[in-house]
1. Show the residue pairs that are 6+ apart or on different chains and have beta-carbon atoms under 8 Å apart, the first residue being within the range 179-191 and within 14 Å of PRO210 (Cα to Cα) and among the charged types (D, E, K, R), the second being modelled with pLDDT of 95 or more and not in a helix (DSSP H, G or I).
2. Determine whether the range 211-220 contains at least one residue that is over 19 Å from the mean Cα position of the chain (by Cα) and either modelled with pLDDT of 95 or more or not β-branched (Val, Ile, Thr) (or both).
3. Looking only at the range 135-150, which residues are in a helix (DSSP H, G or I) and buried (at least 16 other Cβ atoms within 10 Å of the Cβ)?
4. Test ARG99 against the criterion of being basic (Lys, Arg) and within 26 Å of PHE318 (Cα to Cα), and give yes or no.
5. Can you tell me which of (1) in contact with a Leu (Cβ under 7 Å, 6 or more places away or on another chain); (2) assigned to a strand (DSSP E or B) is the one LEU188 doesn't meet?
6. Limited to the range 92-117, what total is found for residues that are in contact (Cβ under 8 Å) with a residue 60 or more places away in the chain, surrounded by fewer than 15 Cβ atoms within 10 Å (Cβ to Cβ) and among the charged types (D, E, K, R)?
7. Among the residues of the range 201-213 satisfying the criterion of being touching a residue at least 40 places away in the same chain (Cβ under 8 Å) and in contact with a helix residue (DSSP H, G or I) (Cβ under 8 Å, 6 or more places away or on another chain), which is surrounded by the fewest Cβ atoms within 10 Å (Cβ to Cβ)?
8. Filter the range 37-90 down to residues that are charged (D, E, K, R) and part of a helix (DSSP H, G or I) and give me whichever is surrounded by the most Cβ atoms within 10 Å (Cβ to Cβ).
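The values are calculated or read from the model by the stated rules, or taken from the named source; none is laboratory data. None of the values given here were measured: they were computed from a predicted structure. Neighbour counts run over all protein chains shown; Cβ positions are idealised from the backbone, glycine included.
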Amino acid sequence: MNNDHWQPSATLETLKKRAAMLAQIRNFFSLRNVLEVDVPVLSQAAVCDPFIDSLTVEYRSFPEDTVQHYYLQSSPEYAMKRLLAAGSGCIYQMSKVFRNGEVGSRHNPEFTMLEWYRLGLDDQALMDEVAALVRCITGIEQFQRFSYRQLFLHYLEIDINTASDEQLAAKMREEVEVSGDYDRDGWLNLLMSHCIEPQLSGAVFVYHYPASQSALARLTTDEDGISVAARFELFIDGVELANGYHELTDAVEQGKRFAADQQLRAGLGLPQRPLELRLVKALEQGLPDCAGVALGVDRLLMLALAKTQIAEVLPFDFSRA
């Protein structure tokens with residue numbers, strides 16, 4: 001701890017603008033009759049995504065009691081879906097979330113996430129609302145839309161529907177020096193992050209991700225009848241801002257995906273964390289047809305205020321926490 005670092009990492013002028021923009025976001029949802037909720041950031045279960053590391057908290061009922069492990073949530077998604085299954089209707093939450101090991105110019109282990117769910121919308125319709133919110137905060141007017149496959153064809157001349165794993169690996173090694181070996185999604189992710197995302201200019205929605213990258217999205221088919229994820233991401237000048245789904249409502253499929261993630265974690269030597277099986281129970285009860293999206297608020301403010309470091313829009317960044 002550096003005791004000299006008592007000052008805020010953002011200027012007071014920026015913090016006033018931040019407060020005004022947070023109020024704008026809340027007004028955006030108030031005008032649309034979307035209910036604000038406030039689910040816990042502590043949970044008995046952790047996210048099972050192998051590429052997100054949860055922060056663990058020790059809880060004791062009294063000082064000498066046995067430790068119970070809780071987890072700081074990386075997203076309010078699981079709890080919000082339990083509310084949706086209970087009949088909440090359209091909801092949003094803007095709150096702190098936590099991810100271990102994520103520090104950098106655009107990352108802070110503790111950051112503000114905006115997540116919302118809209119009943120009766122699919123991923124394509126939700127993109128319209130995401131664009132409306134981003135336009136309200138940043139003034140950006142033009143939003144482009146490309147399928148994941150279109151981007152690979154345009155930037156790398158690769159058809160992901162027919163390319164072999166070996167062809168993907170060869171293309172990656174042709175573009176960037178890389179060591180080690182990866183599975184198909186590993187090569188796709190590397191090509192996307194290293195070769196395509198840096199070339200994206202302006203506001204770009206990417207949709208129809210490969211079915212193997214569906215996460216918590218349902219599956220659909222593209223114009224060629226190929227199974228794809230009903231999922232989108234929004235990038236602005238190559239920076240990921242939002243990730244949305246036409247939400248999976250199948251409890252059996254959700255249970256299978258949780259189990260597959262745990263198996264992958266085990267294969268990678270990662271700790272096995274308690275699964276959020278209450279979400280599976282909620283889906284058994286019935287999740288209404290809906291689309292949901294998570295958006296990084298601090299990154300949105302960076303864009304709106306033309307800042308290059310996330311610390312510049314936070315009262316105190318991780319180095320001053």
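1. As it stands, the answer is ASP185/PRO210, since those pairs meet every condition given.
2. Narrowing the range 211-220 to residues over 19 Å from the mean Cα position of the chain (by Cα): 220.
With the extra rule that they be either modelled with pLDDT of 95 or more or not β-branched (Val, Ile, Thr) (or both), the set shrinks to 220.
Yes - at least one qualifying residue is present in the range 211-220.
3. First pass over the range 135-150, keeping only residues in a helix (DSSP H, G or I): 135-138, 148-150.
Once the filter is applied, which keeps residues that are in a helix (DSSP H, G or I) and buried (at least 16 other Cβ atoms within 10 Å of the Cβ), the range 135-150 yields ILE137, THR138, TYR148, ARG149.
4. yes
5. All conditions are met except number (2).
6. Residues meeting the conditions: 0.
7. Here is the first cut: in the range 201-213, the ones touching a residue at least 40 places away in the same chain (Cβ under 8 Å) are 202-210.
With in contact with a helix residue (DSSP H, G or I) (Cβ under 8 Å, 6 or more places away or on another chain) added as a condition, the list becomes 203, 205-210.
Values: ALA203: 22, PHE205: 21, VAL206: 22, TYR207: 22, HIS208: 23, TYR209: 24, PRO210: 18.
For the range 201-213, the residue satisfying everything is PRO210.
8. Per the criteria, the residue is LYS81.
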